[in-house]
């Protein structure tokens, strides 16, 4: 149990700092944003499991040889004070992460409803699930909801773009809705809210925000040429500061430049994508196995 706790602790440290830093600096993520997003989610989930699991296993070490038997015997009270401290820390950390996730979801939904109400008052319907605002500023963003979503455009954007460029914007926003990027972003926003003293938490939130934009761009690339999409990105970007959605930060010049520049990059090979997805699965599998494998072996032995 002590060795398991140590292994989980080392994994938690690696996933809390060096691994996310290296992933944030990697250039291949621009070539396959969907694969990179899977890996980011695996790093966050595995890091949380390892962090809480190391404290839990260390705290339960005096009571048994595996997590289940030790938990059932915990009323033995034969452990030292630091084992109880570790158990308390595991419980508090888990509760802290869950409460921050709940608070972030509630806050985001409140902001979305308020924003949606204002949009309804200040705009006109534009087809199904879309609204148009009478503003000269080029604006396009979506308001995702639990059951339905609304995409908002401005009259200035419609006047600025030609038919193909407008199609690119529509497909981009549709990707955000269909692929539920708001759920992913809220999870990383909650991570940052729970652990603001981790510099990597903000960096992860920023990188994931850029990746979902690139992933939405990839859907638009299926129906328009890259040059048309690039012009649409630049046009919408000029009004981004005036039209941040409730779940994504406005695009900075660096973000917009990165989105346009990556259009010239070749996608990753299927083999490399499969290797990265396999690595993501392994990241989650390692702490899960360390936590549950001893109990499973004891059950079937």
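Laboratory data are not the source of any read-out in this text; all were calculated from the coordinates shown. This structure is a prediction, so every number in the text was calculated from the model and none was measured. All Cβ positions, even for glycine, are placed from backbone atoms using ideal geometry, and neighbour counts span all protein chains on display.
Miscellaneous remarks
- Between the beta carbons of residue 129 and residue 258, assuming R0 = 41 Å, the FRET efficiency works out to 0.90 to the nearest 0.05.
- Helix 199-220 vs. the chain, principal-axis angle (Cα, 0 to 90°, nearest 10): 50 degrees
- Tilt relative to the chain, helix 226-237 - C-alpha long axis, 0 to 90 degrees, to 10: 90 degrees
- Antiparallel DSSP beta bridges within the range 97-267, as percent of all bridges there, nearest 5: 65 percent
- The shape of the range 97-267 can be summarised by an equivalent ellipsoid whose semi-axes, obtained from the alpha carbon gyration tensor, come to 26, 21, 13 Å from longest to shortest.
- Residues of the range 24-45 with amide N under 18 Å of the 7 Å Cα→Cβ point at residue 183: 34-45
- Here each label is just a point 7 Å from Cα along the line to Cβ, and for residue 272 and residue 300 those points are 3.7 nm apart.
- Whole-number Å³ per residue for the convex hull built on Cα positions in the range 4-116: 142 Å³
- Gained length - residue 164 relative to residue 13, 0.36 nm times residue gap less alpha-carbon distance: 49.6 nm
- Estimated from the Cβ-Cβ distance and a Förster radius of 45 angstrom, the FRET efficiency linking residue 206 and residue 6 is about 0.90.
- DSSP bridge pairs, the range 45-162: antiparallel proportion in percent, nearest 5: 65 percent
- Applying 1/(1 + (r/R0)^6) with R0 = 41 Å to the Cβ-Cβ distance of residue 65 and residue 107 gives a FRET efficiency near 0.40.
- A simple spin-label model places pseudo-atoms 7 Å from Cα toward Cβ; at residue 117 and residue 288 they are separated by 4.2 nm.
- In the chain, helices alone account for a calculated mean residue ellipticity at 222 nm of -23500 deg cm²/dmol, with every DSSP H run of four or more residues adding -39,500 (n - 2.57).
- Considering only beta bridges that DSSP places wholly inside the chain, some 65 percent are antiparallel.
- Based on the convex hull around the alpha carbon atoms, the chain presents an average projected area of 18.1 nm².
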